[in-house]
Amino acid sequence: MTYDEQLDAALNRLHQEGRYRTFIDIERKRGHFPHALWRKPDGSEQPITVWCGNDYLGMGQHPVVLAAMHEALDATGAGSGGTRNISGTTVYHKQLEAELADLHQKEAALLFTSAYIANDATLSTLPKLFPGLIIYSDALNHASMIEGVRRNGGAKRIFRHNDLDHLRELLAADDPAAPKLIAFESVYSMDGDFGPIAEICDLAEEFGALTYLDEVHAVGMYGPRGGGVAERDGLLDRIDIINGTLGKAFGVHGGYIAASAKMCDAVRSYAPGFIFTTSLPPVVAAGAAASARHLKGDQALRDKHQEAAKVLKLRLKGLGLPIFDHGSHIVPVIVGDPKHTKLLSDMLLKEYGIYVQPINFPTVPRGTERLRFTPSPLHGPDEIDKLVKAMDQLWACCALNRAELAG
């Protein structure tokens, strides 16, 4: 078999299972989010509404963010010019790290090029800092956390999702003297459920473990200043390391950790994923800092976001659709079959101008394939009406197709 034949075979497997991922070309228009243009392969255009974006609060379009980025661009130019260690640290990077440290009430923060890299680099580096470290990782942690734990070469234990009894059992079975760390999330992005932060912190204190909390789907959106679920619940002082993103609620790009000054210094000094990569462009750092600063005082935007999610879930439930509702802003509608998920996604886009990407294995377990809607404060009553009516019409069609296949 030739190399090309092997590639064809691998891609054909995805097509046959209905899991082949396709991209659509979107042209966003400043000031019109969540509306955009879909540029079709034939060169034509169709107006669409984006319902699966991670710019949760629309901050990627906010005048405060754009003004800060324009100012930084005019002042510094495009790129950073190097790694953080070699000419790539600017006043914009330091200002952003200070904003993030303040947001999470930590001594320091450390920027990475993405939250994926922040998780991977930090979790794979910690065993170098704590020889013999055992990491206890929630079974539904993000792929970036899984990869970091896998690559670190140390001991790992996987506890069943949000199962405190199982976590306790694993902690109790290990050497009391061994260094330990519990890695988990505040909001799990596919189901939209919350991690039991306080209870995990209790176990961490009982067994002498560090806590590592991924707040990627919560920063900016929860807490009185947007510091995440840990801030909302008054638990920031019990978390040792917080991971966050600048590419979701903050509407820009990048990732970070917030922790003690000594922890950030050690990760900065030992993590290859930090040391050997070009730093964020100053213009990006300036925009993210402006966004974080603004959101510390914009509770009204957070309230409007939660209200949009609440209304959408209520109306989809009214149609009898199978959705998960754990009280977060994530709205997953479970289809349960990759081909039908793709069919629904395609029909929503082509017939209704509604863009929502299908979520399939391995992102979610087989049999739980879904459409995951992410309403924002800018998805108003008209957008919600259009989506609900489209889902009402298409769901019956999808059900008939499933019945035909089963027969």
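The values are calculated or read from the model by the stated rules, or taken from the named source; none is laboratory data. Just so it is clear, the model here is predicted, and its values are computed rather than measured. We place every Cβ from the backbone using ideal geometry, glycine too, and count neighbours over all the protein chains shown. Accessible surface is based on the protein model in full, side chains and every heavy atom, while ligands, DNA and RNA are left aside. Shrake-Rupley method; radii C 1.70, N 1.55, O 1.52, S 1.80 Å.
Each residue of region 67-79 is assigned a 3J(HN,Hα), and the resulting list reads 5, 5, 6, 4, 5, 5, 4, 5, 7, 10, x, 7, x Hz, derived from the Karplus form 6.51 cos²θ - 1.76 cosθ + 1.60 (θ = phi - 60°), x at Gly and Pro.
Between ASP102 and HIS35, the modelled labels are 3.7 nm apart [label points 7 Å from Cα along Cα→Cβ]. Rank VAL364, VAL149, VAL283 by mean-square fluctuation in a GNM of the chain with C-alpha springs under 10 angstrom and give only the top-ranked residue. The residue that fluctuates most here is VAL364. For a straight C-alpha distance cut-off of 18 angstrom, the lysines reachable from LYS106 (same-chain residues fewer than eight places away being disregarded) are LYS94, LYS262, LYS296. Heavy atoms of the protein chains alone define the surface here; on that basis region 180-312 has 31 Å² accessible area per residue at 1.4 Å probe size.
Only helices enter this figure: runs of n ≥ 4 DSSP H residues, each worth -39500 (n - 2.57), summed and divided by the residues of the chain, yield -14000 deg cm²/dmol at 222 nm to the nearest 500. For LEU210, the residues 5 or more places off, or on other chains, whose built amide H falls under 5 Å of its own are LYS180, LEU181, ILE182.
Of all segments of the chain bounded by chymotrypsin sites (Phe, Trp or Tyr not before Pro) found in a DSSP loop with no more than 15 other C-beta atoms within 10 Å, the longest spans 24-275. Build a GNM of the chain with springs between Cα atoms under 10 Å apart, and of LEU394, LEU171, LEU371 the one that fluctuates most is LEU394. Straight-line reach from LYS339: taking Cα to Cα under 17 Å and skipping same-chain neighbours fewer than 8 places apart, the aspartates and glutamates in range are GLU17, GLU369, GLU404. Averaged over its residues, region 36-134 has an accessible area of 43 Å² per residue, based on protein heavy atoms and a 1.4 Å probe. Region 238-277 and region 65-94 have Cα centres lying 18 Å from one another. Taking only protein heavy atoms and a 1.4 Å probe, the accessible area of the chain is 55% carbon and sulfur.
Between the labelled values (i) 66, 59, 54; (ii) 59, 55, 53; (iii) 60, 44, 33, the entry that holds Cα extents along the principal axes in Å as derived from this structure is (ii). Per-residue Karplus couplings for region 303-312, computed as 6.51 cos²θ - 1.76 cosθ + 1.60 with θ equal to phi - 60°, are listed in order as 4, 5, 4, 5, 5, 4, 5, 4, 5, 4 Hz, Gly and Pro entered as x.
Cross-link pairs exceeding 18 Å in C-alpha to C-alpha distance, out of LYS313/LYS386; LYS128/LYS156; LYS40/LYS248; LYS29/LYS386, comprise LYS40/LYS248; LYS29/LYS386. The charge dipole of region 1-102, taken about its Cα centre with unit charges on the Cβ atoms of Lys, Arg (+1), Asp and Glu (-1) only, comes to about 140 debye. Restricting the GluC sites (Glu not before Pro) of region 351-391 to loop positions (DSSP other than H, G, I, E, B) with no more than 10 neighbouring Cβ atoms within 10 Å leaves nothing.
Residues considered: ALA172, ALA290, ALA143. Largest GNM mean-square fluctuation over the chain, using C-alpha springs under 10 Å, is found at ALA172. In a DSSP loop and with at most 11 other Cβ atoms within 10 Å, there are no GluC sites (Glu not before Pro) in region 75-127.
Here the chain is assigned +1 on the Cβ of each Lys and Arg and -1 on the Cβ of each Asp and Glu. Its dipole about the Cα centre then comes out at about 520 debye.
The trypsin sites (Lys or Arg not before Pro) of region 101-160 meeting both criteria, a DSSP state outside H, G, I, E and B (loop) and at most 15 other C-beta atoms within 10 angstrom of the site's C-beta, are ARG160.
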